[in-house]
Amino acid sequence: MSSSSILELRGISKTFASTTALSPLDLDIERGSFVSIVGPSGCGKSTLFNILSGLIQPDNGSISLEDQNVIGATGHVGYMLQKDLLVPWRTVLGNITLGARLKGKVGPEDKEQAMGFAQKYGLGEFLHHYPSALSGGMRQRVALMRTLATNHQLLLLDEPFGALDAQTRFEMQQWLLQVWRDTQRTVLFITHDVDEAVFLSDRVLVMSPRPGRVVDDLRVDLPRPRTLDTLVSPAFTDLKSRVLHQLHRERGA
Amino acid sequence: MTKKKLLLNIFGPILSVVVLLGLWQAIVVWGNVAPYIAPKPWDAIRAVTSNWSTLAPLTWWTIKETIYGYLVGAFLGAFLGVVLNKIPLMQRVLYPLLILTQAIPIIALAPPLVMILGFGVMPKVVIVAWIVFFPVTVSVLDGLNHVDKDLMTLAKVFGANSMRRFVVLEMPAAITQLFSGLKIGATYAVTGAIIGELAASSGSSLALYQRSASGSLDAAGVYGTTLLMTAIGIIWFLLVVGAEYLATPWQRRSTARQWRRGAKPVLTNN
Ligand SMILES: Nc1ncnc2c1ncn2[C@@H]1O[C@H](COP(=O)(O)OP(=O)(O)OP(=O)(O)O)[C@@H](O)[C@H]1O
Ligand SMILES: [Mg+2]
């Protein structure tokens, strides 16, 4: 076991009734890294997240998160979906501290932390707004702040920007990188957008169609901070084309 | 809410009531309607005000029956809604029973209730509760059944137990639905109380007052009592609407009202 791994998966597999969603999967994730997972629809990406978050049990294998066995146990990771899942009856502040409220009481330190996040990441003016008054991008920011505020080292983001328009999406990507750099969390990021995967990540995992396996594991050594220029650099285009080829070969195209 | 909208909300209903009374007045005056068939609206109102010393205690009883019954019905209804949602087996056991309670014509239910519970407040309270609980149960059940599944899943990932999930997410998520049930119940509540009063043929009540006015061909008294009963119903409904207004600020505001100083929105300065 490498000492810098925060997460180690060994032989994780999952079969639903007759569909094998994941074939045995081994994976090591380095602490503080940003790792994207791309793969065709239905290849088991979300299933993998559901296993990591403790929502479902794998059929086989072991998971060690920060040297703890977390199979079937919830409350260990931050989790965020394409749907922002903000509750309409709470303000931005109330939504960011929802994790604390769900576990018990919202203390002054939870509030302080939430206000700190909100102010630092462009939501300061909206602390007391209800979600209905926010744009889609803004809502996703709040959702991410809520995920951060659970104070878990590992964040699982399942297509968080999937529903946003291209421009908002790009802003959100840069914003996410800033948050990630500041807070030094480890991010696992599912996306269908190859550009997004390469732009954000230290590492891109390409999965095969069902039953899901990792068929390629790319290091992305593009310099940070990543900007608009990154997107048009030859190195970016090379990496992107390699991922695309992998994806399409696996689809049999 | 803008000022214009607020004014519209207040004066709109007042205007429609005035128009309605005007129409009534016009029909009675220009249609030459005999005073023992329909009084002028003003006479009906005066029949209430001039007999107020008699009517006041009766009105008070009706209000009490309505409120007690409504509260019992609302709490029972909400409780049953939660039980039905949380214990799926109960849906099969209780639901047919609930339908049965509503299939009994309420007018036919009143006399046996009076036999069992006597001529006091009790049978009226039971009737009101009987009518009110059902829409509340249905709406709460509906609200709880439609809480976003992904939100509940997220709460599990966050490590929340089922009690916390219920209190923090499901209860507030169902509140809009709850109020739609409460409002339907509020419109029926006075009717229930009056049915109970009618069934108890002795004692004094608004319903019996109206019956005796009817017996002595006192049209103004009859119509006046109807107006009075209606007013109780409308005021109760408005109180429920007011409670909803206070309980669901996010449906009409974009920011939360700040009660404490120091919790003001903080402006970023970059
Ligand atoms: N609870 C479940 N019961 C039965 N089958 C399931 C369940 N969850 C997922 N599956 C199946 O497992 C497979 C993988 O699903 P999963 O949601 O992990 O795919 P995905 O890679 O996230 O797809 P997408 O990119 O479309 O989100 C699919 O065939 C799906 O139908
Ligand atoms: Mg998925």
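The values are calculated or read from the model by the stated rules, or taken from the named source; none is laboratory data. Keep in mind the model is a prediction, meaning the values are calculated, not measured. Cβ sites come from the backbone with ideal geometry, for glycine too, and all protein chains shown count toward neighbours. These area figures cover heavy atoms from the full protein model, side chains too; ligands, DNA and RNA do not enter into them. Shrake-Rupley method; radii C 1.70, N 1.55, O 1.52, S 1.80 Å.
So here's what we get for this one:
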| quantity | calculated |
| --- | --- |
| Subset of the range B:65-123 [under 23 Å from B:PHE237 (Cβ atoms), open to solvent by 60 Å² or more (accessible area, probe 1.4 Å) and touching a residue at least 12 places away in the same chain (Cβ under 8 Å)] | B:TYR68, B:VAL72, B:LEU76, B:GLN102, B:ILE107 |
| Test: residue in the range A:183-201 that is closer than 16 Å to A:LEU239 by Cβ, within 16 Å of ligand 2 (Cβ to nearest atom) and open to solvent by 40 Å² or more (accessible area, probe 1.4 Å) | yes |
| Where A:THR47 falls short, out of the listed (1) of a type in the set (S, T, N, Q); (2) open to solvent by less than 10 Å² (accessible area, probe 1.4 Å); (3) within 16 Å of ligand 2 (Cβ to nearest atom) | (2) |
| Test: residue in the range B:165-173 that is in contact with a helix residue (DSSP H, G or I) (Cβ under 7 Å, 6 or more places away or on another chain) and away from chain A (no Cβ under 13 Å) | no |
| Some residue of the range A:119-131 being within 16 Å of ligand 1 (Cβ to nearest atom), more than 21 Å from A:ILE6 (Cα to Cα), open to solvent by less than 30 Å² (accessible area, probe 1.4 Å) and out of contact with any His (no Cβ under 7 Å at 6 or more places or on another chain) | no |
| The one condition in (1) over 18 Å from the mean Cα position of the chain (by Cα); (2) surrounded by 15 or more Cβ atoms within 10 Å (Cβ to Cβ); (3) of a type in the set (Asp, Glu) that A:ASP84 fails to fulfil | (1) |
| Residue in the range A:110-137 that is farthest from A:GLN173 (Cα to Cα), counting only those that are in contact with a strand residue (DSSP E or B) (Cβ under 9 Å, 6 or more places away or on another chain) and part of a helix (DSSP H, G or I) | A:ALA133 |
| Pairs, first within 13 Å of ligand 1 (Cβ to nearest atom) in the range A:157-173, second in a helix (DSSP H, G or I) and among the basic types (Lys, Arg), C-beta under 8 Å, six or more apart | A:ASP158/A:LYS45 |
| Those residues of the range A:50-67 which are open to solvent by 10 Å² or more (accessible area, probe 1.4 Å) and either more than 14 Å from chain B (Cβ to nearest Cβ) or near ligand 2 (Cβ under 10 Å from one of its atoms) (or both), in sequence order | A:ASN50, A:PRO58, A:ASP59, A:ASN60, A:GLY61, A:SER62, A:SER64, A:GLU66, A:ASP67 |
| The range A:204-221 - residue that is crowded, with 18+ Cβ neighbours inside 10 Å and more than 17 Å from A:SER41 (Cα to Cα) and, of those, farthest from ligand 1 (Cβ to nearest atom) | A:VAL220 |
| Of all residues making up the range B:145-160, the number that are surrounded by fewer than 13 Cβ atoms within 10 Å (Cβ to Cβ) and under 20 Å from A:ILE56 (Cβ atoms) | 2 |
| 3 or more residues within 22 Å of A:LEU188 (Cα to Cα): qualifying helices (runs of 4 or more DSSP H) within the range A:30-109 | A:45-52 |
| Scan of the range A:29-47 for residues that are more than 14 Å from chain B (Cβ to nearest Cβ) and within 12 Å of ligand 1 (Cβ to nearest atom), ordered by number | A:ILE37, A:VAL38, A:GLY39, A:PRO40, A:SER41, A:GLY42, A:CYS43, A:GLY44, A:LYS45 |
| Candidate set: the range A:156-182, residues that are buried (at least 18 other Cβ atoms within 10 Å of the Cβ) and within 16 Å of ligand 2 (Cβ to nearest atom); chosen: the one farthest from the chain's Cα centre (by Cα) | A:PHE161 |
| Residue match in the range A:230-240 (condition: without any contact (Cβ under 8 Å) to a residue 24 or more places away in the chain and hydrophobic (A, V, I, L, M, F, W, C)) | yes |
| Residues of the range A:30-44 satisfying the condition of being open to solvent by less than 20 Å² (accessible area, probe 1.4 Å), within 16 Å of ligand 2 (Cβ to nearest atom) and of a type outside the set (Val, Ile, Thr) | A:SER36, A:GLY39, A:PRO40, A:CYS43, A:GLY44 |
| Residue match in the range A:98-117 (condition: within 20 Å of the chain's Cα centre (by Cα), modelled with pLDDT of 95 or more and within 16 Å of ligand 2 (Cβ to nearest atom)) | no |
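Conditions tested, residue by residue: (1) more than 10 Å from chain A (Cβ to nearest Cβ); (2) of a type in the set (S, T, N, Q).
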{"position": "B:PHE158", "(1), (2)": "no, no"}
{"position": "B:ILE184", "(1), (2)": "yes, no"}
{"position": "B:GLN210", "(1), (2)": "yes, yes"}
{"position": "B:GLY215", "(1), (2)": "yes, no"}
{"position": "B:ILE235", "(1), (2)": "yes, no"}
{"position": "B:TYR245", "(1), (2)": "yes, no"}
{"position": "B:PRO249", "(1), (2)": "no, no"}
{"position": "B:ARG257", "(1), (2)": "no, no"}
